[in-house]
Amino acid sequence: AAAVPPYLFQGTPTRRSPLALRSPGQRQAALCRAASRTRCRVASPLSASRAFSGEMNAARWLSLLLAAPPTLGFYLPGVAPHEYLDGEAVEIKVNQLSSPRTHLPFDYYALPHCRPETLESKAENLGEVLHGSKIQNSPFALQMGKTAFRVLCRVELTAHDAAVFGARIAQDYRVQMIMDNLPA
């Protein structure tokens, strides 16, 4: 009988121990080979549990899919579907000016854009309020199925206003608008 190296049976792996970086199944196989100098077949309990859990996950997903009732639509919280008729007005709302470079948002009307006669804030759900969105009406007028375009307004810019517009453009600011509760 061959002598078994003493470091195989020590509780803590030593620097020269080949078992230091092995899994429990590999350690058991190494001990078996060292003790009998023959090939040992050791089943790892970890591999069996993984196979069983994989079968259970597949069975659970299949039972959930079979138990779920068929659906014909979807619903996003705070958004009710709306079908527009030809010629019906489509409301466009504005949110903010944002930039991926500066990460500092500005109110849409902080720049001298065309404004509606009265400004109204329109928070439609709790998420918009918690996010800090300041959604307001806009003077843009669109009608479903119509392609009539008109000049919205004319604004004369002072030298300061033109410089502010130029700075926002150079900083990659973009306008966030909302049309039919979808970002536009």
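Taking a straight Cα-Cα cut-off under 19 Å and skipping sequence neighbours fewer than 8 places away in the same chain, the lysines within cross-link reach of Lys134 are Lys93, Lys122. Of the whole protein surface, Ile178 contributes about 30 Å² of accessible area at a 1.4 Å probe radius. Max-minus-min Cα coordinates of segment 103-184 on each principal axis give 39, 35, 24 Å, with the largest extent listed first. The accessible area of His113, taken with all protein chains in place and a 1.4 Å probe, comes to roughly 40 Å². Shown are Val151, Val90, whose ranking by accessible area with a 1.4 Å probe and every protein chain present, most to least, is Val151, Val90.
Computed extension gain for His160 through Leu66, at 0.36 nm per residue and net of the alpha carbon distance, reaches 27.3 nm. Stretched out straight at 0.36 nm per residue, the stretch from Leu119 to Tyr84 would grow longer than its current Cα-Cα span by 10.2 nm. Model label points for Ala141 and Ile92, set 7 angstrom from Cα along the Cα-to-Cβ axis, are 1.3 nm apart.
Between Ala58 and Gln176, the FRET efficiency estimated from the beta carbon spacing at R0 = 41 angstrom works out to 0.40.
The values are calculated or read from the model by the stated rules, or taken from the named source; none is laboratory data. In this text the structure is predicted, and so the values were computed from the model without any measurement. Here the Cβ is made from the backbone with ideal geometry for all residues, glycine too, and neighbour counts use every protein chain on show. The protein model used for the area step is the full one, side chains on, heavy atoms only, and it has no ligands, DNA or RNA in it. Shrake-Rupley method; radii C 1.70, N 1.55, O 1.52, S 1.80 Å.
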